[in-house]
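Take a look at the structure set out below.
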Amino acid sequence: IVLAYMGGMGTLTFKVISRNSKGYMLIDTSVLNYIMLMVIPILLVILLYIYFKFRKDAYEPLEYTPVYSGIYKKNRSNKLRYNLVFAGLFTVLLVAYLYGINNYYAVFEDRIEKHNLLNFKDKTYSYKDIEEVSIYVKEHKSGGSLYYKVYFKDGYKINLATFGSIYDLLDITEIVKDNNVKINIDHKHFNELVEDLADEHAKPYRILFDE
């Protein structure tokens, strides 16, 4: 069930993200942002369940508390407070989701777009704006993870290997080379990346590291 959810939500998420980026080569986002987009829908469902589950208790009739002889104070209902709390939580989660779904970058044949919910942070880079590209493998217990870091001249950097396929990276590398961008390739830990792959699946990685 978890895998089916992650697969379905992942596909839906990237379809929504790519709605305004027609003709892209690669759409990517950070791991943290992706996890947030996977978790928030679950939290919204849980929040709605809790809201309707305990709403009856919060909507209890008003009661009166004796304050002085013959004088009673009318207690305030929890209804308003209950609704405000859940409305606030729902709004925070919804805004966080909208931010995440609009926080990504899209790679095209002639440019790289950085998108953000805050429009003034959107930016378009040409391949001439790239300072250098670093390709390397980071070792971990279960093998190795590929990193394809793009460093721009303004200091911004992105990792195109987070969700990008190896074939997308090969195509992007050709464009990077055509624009005379410096490419740094570190072969350390490369074997950890391909040691569990069949030869046909390891081949494109070997091509990338032989560039």
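The values are calculated or read from the model by the stated rules, or taken from the named source; none is laboratory data. Just so it is clear, the structure is predicted and the values come from calculations on it, not from any experiment. Ideal geometry is used to build each Cβ from the backbone, glycine not excepted, and the neighbour counts take in all protein chains shown. Ligands, DNA and RNA are stripped out before the accessible areas are found, and what is left, the full protein with its side chains, is counted by its heavy atoms. Shrake-Rupley method; radii C 1.70, N 1.55, O 1.52, S 1.80 Å.
Annotations
- Number of the exception - ASN20 against (1) at pLDDT 85 or above; (2) closer than 18 Å to GLY100 by Cα; (3) open to solvent by 100 Å² or more (accessible area, probe 1.4 Å); (4) not charged (D, E, K, R): (1)
- Whichever residue in the range 187-204 is loosely packed, with under 13 Cβ neighbours inside 10 Å and part of a loop (DSSP other than H, G, I, E, B) and, among such residues, is modelled with the lowest pLDDT: ASP196
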